[in-house]
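Trainee: Sharing a structure here in structure tokens format.
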Amino acid sequence: MVEEKKKNRMEEEEAAVKASMDKIKHKIMVMSGKGGVGKTTVAANLAFALGMAGLDVGLMDADIHGPDVPKILGIEDKRPEPAGEKMYPVSVTPRLKAMSIGFLLPRPDSAIIWRGPMKMTAIRQFISDVDWGELDYMIVDLPPGTGDEPLSVAQLIKDVDGAIIVTTPQDLALLDSRKAVDFSRVLKVPVIGIIENMSGFVCPHCGEEINIFKYGGGERAATDLDVPFLGRVPLDPKVVEATDAGTPFVLQKDLKVQEAFEHIVKNVRTYVEGKEPKN
């Protein structure tokens, strides 16, 4: 009897996940092999840019221990509203919705000290118990590495369009990004491509680029691993200021980083919507 109830509950949960995901056309996981490479910044700005293009987008923050999406989007004071037995995600713009464990914490600096099963339950609820509605894109910001959370998302969202791997040009970051590519291939998740972040520092005085963290490593890794290279994003102090202020850098005009990211968004859409991106 206990086993039968457990089986029925699992079937109900799977049906709820499928019902929610069936309303979303495209699902993308944003990954990194290690922390500190700007993965969440890339995920949030990708979601924002797709919304600016007139698409309905959801951004799911699956980084339970480091939920930075509310800070990056400047919506730390928002809370999800109840929707019957579910809840509505937080509305960022008319086209962009977001959900994060950060919205549910008593304070932004509250630590989440959870073991794996509790984290998995939260991620499952973000998928099945949040009323996302009909979306063109779902962007899932995963924690760094290849542990429980990426594995759970890949297994729950069975028809994910693919994974974007964010790296910096440093050798250590590139080594870990290769592991993220291997992780995706083992789980049969298509690799949409690699983004080389912090690729050259834009001097605030003269506008010239200085290769603080080397240059071109992400593109070489993409070539070696036979996956698309989506583009490189330079490091700009104005981006740091905008991110700390909760303003997506895609809203900043006349920046090299904004122009570079437009190219990346175009490549992502080209891949997901039917064609291979161009380097």
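The values are calculated or read from the model by the stated rules, or taken from the named source; none is laboratory data. None of the values given here were measured: they were computed from a predicted structure. All Cβ positions, even for glycine, are placed from backbone atoms using ideal geometry, and neighbour counts span all protein chains on display.
One line per residue, one yes/no per condition, for (1) over 16 Å from the mean Cα position of the chain (by Cα); (2) basic (Lys, Arg); (3) more than 17 Å from Leu46 (Cα to Cα):
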site: Met120; (1), (2), (3): yes, no, yes
site: Gly147; (1), (2), (3): no, no, yes
site: Ala163; (1), (2), (3): no, no, no
site: Gln170; (1), (2), (3): yes, no, yes
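Trainee: Starting from residues that are in contact with a strand residue (DSSP E or B) (Cβ under 6 Å, 6 or more places away or on another chain), free of Cβ contacts under 8 Å to residues at least 40 places away in the same chain and not in a loop (DSSP other than H, G, I, E, B), keep the ones in segment 75-90 and report whichever is surrounded by the fewest Cβ atoms within 10 Å (Cβ to Cβ).
Mentor: Among them, the one singled out is Glu81.
Trainee: Let me ask something additional. Inspect segment 206-220 for any residue being modelled with pLDDT of 85 or more, small (Gly, Ala, Ser) and closer than 30 Å to Asp136 by Cβ and give the result as yes or no.
Mentor: There is no residue in segment 206-220 that is modelled with pLDDT of 85 or more, small (Gly, Ala, Ser) and closer than 30 Å to Asp136 by Cβ.
Trainee: Checking Thr93 against (1) touching a residue at least 24 places away in the same chain (Cβ under 8 Å); (2) among the polar types (S, T, N, Q); (3) under 14 Å from Ser152 (Cβ atoms), which single condition isn't satisfied?
Mentor: (3)
Trainee: Which residues, counting only those in segment 19-59, are over 26 Å from Gln258 (Cα atoms) and either crowded, with 16+ Cβ neighbours inside 10 Å or of a type in the set (Asp, Glu) (or both)?
Mentor: Ser20, Met21, Asp22, Ile24
Trainee: Still on this structure, please answer the following. How many of the residues making up segment 226-262 are surrounded by fewer than 16 Cβ atoms within 10 Å (Cβ to Cβ), modelled with pLDDT of 85 or more and part of a helix (DSSP H, G or I)?
Mentor: Count: 5.
Trainee: State all residues of segment 162-195 that are among the polar types (S, T, N, Q) and either under 14 Å from Pro144 (Cα atoms) or at pLDDT 90 or above (or both); if no residue qualifies, say none.
Mentor: Within segment 162-195, Thr167, Thr168, Ser177, Ser184 qualify.
Trainee: Follow-up. Pick from segment 12-38 the residues that are of a type in the set (Asp, Glu) and more than 21 Å from Asp148 (Cα to Cα): which of them is modelled with the highest pLDDT?
Mentor: We begin by selecting, within segment 12-38, every residue of a type in the set (Asp, Glu); these are 12-14, 22.
Subset that is more than 21 Å from Asp148 (Cα to Cα): 12, 22.
Numbers: Glu12: 79, Asp22: 92.
Among those that are of a type in the set (Asp, Glu) and more than 21 Å from Asp148 (Cα to Cα), it is Asp22.
Trainee: List, please: which pairs have Cβ atoms under 6 Å, are six or more places apart or on different chains, and start with a residue in segment 231-254 that is under 25 Å from Ile165 (Cβ atoms) and end with one that is part of a strand (DSSP E or B) and of a type in the set (Val, Ile, Thr)?
Mentor: Sorted first by the residue in segment 231-254, then by its partner, the pairs are Pro234/Val202; Asp236/Val202.
Trainee: While we're on this one: Take segment 57-74 and flag every residue that is assigned to a strand (DSSP E or B) and more than 20 Å from Val37 (Cβ to Cβ).
Mentor: Within segment 57-74, Val57, Gly58 qualify.
Trainee: I need the full set of residues from segment 117-168 which are charged (D, E, K, R), assigned to a loop (DSSP other than H, G, I, E, B) and within 13 Å of Ile28 (Cα to Cα), in order please.
Mentor: If the condition is that a residue be charged (D, E, K, R), assigned to a loop (DSSP other than H, G, I, E, B) and within 13 Å of Ile28 (Cα to Cα), then Lys158, Asp159, Asp161 are the ones that fit.
Trainee: Report yes if Lys97 is over 20 Å from Gly218 (Cβ atoms) and surrounded by 15 or more Cβ atoms within 10 Å (Cβ to Cβ), otherwise no.
Mentor: Considered against the rule, which asks whether it is over 20 Å from Gly218 (Cβ atoms) and surrounded by 15 or more Cβ atoms within 10 Å (Cβ to Cβ), Lys97 comes out as yes.
Trainee: A further question follows. Report every pair of residues separated by at least 6 positions or lying on different chains whose Cβ atoms are under 7 Å apart, first residue within segment 185-202 and surrounded by fewer than 18 Cβ atoms within 10 Å (Cβ to Cβ), second among the hydrophobic types (A, V, I, L, M, F, W, C) and modelled with pLDDT under 85.
Mentor: Qualifying pairs under 7 Å: Leu187/Ala154; Phe201/Ile210; Phe201/Ile212; Phe201/Leu235.
Here is a yes/no grid of residues against (1) touching a Gly at 6+ places or on another chain (Cβ under 7 Å); (2) at pLDDT below 90:
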| site | (1), (2) |
| --- | --- |
| Pro89 | yes, no |
| Arg95 | yes, no |
| Ile123 | no, no |
| Thr146 | no, yes |
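Trainee: For the structure I just gave you, tell me whether Ile139 is touching a residue at least 12 places away in the same chain (Cβ under 8 Å), over 22 Å from Gly51 (Cβ atoms) and buried (at least 17 other Cβ atoms within 10 Å of the Cβ).
Mentor: No.
Trainee: Here's another thing I want to ask about it. Could you please give the count of residues in segment 263-272 that are in contact with a Gly (Cβ under 7 Å, 6 or more places away or on another chain) and surrounded by fewer than 18 Cβ atoms within 10 Å (Cβ to Cβ)?
Mentor: Total meeting the criteria: 1.
Trainee: Within segment 171-183, does at least one residue satisfy the condition of being surrounded by fewer than 19 Cβ atoms within 10 Å (Cβ to Cβ), within 21 Å of Ile139 (Cα to Cα), in contact (Cβ under 8 Å) with a residue 12 or more places away in the chain and hydroxyl-bearing (Ser, Thr, Tyr)?
Mentor: no
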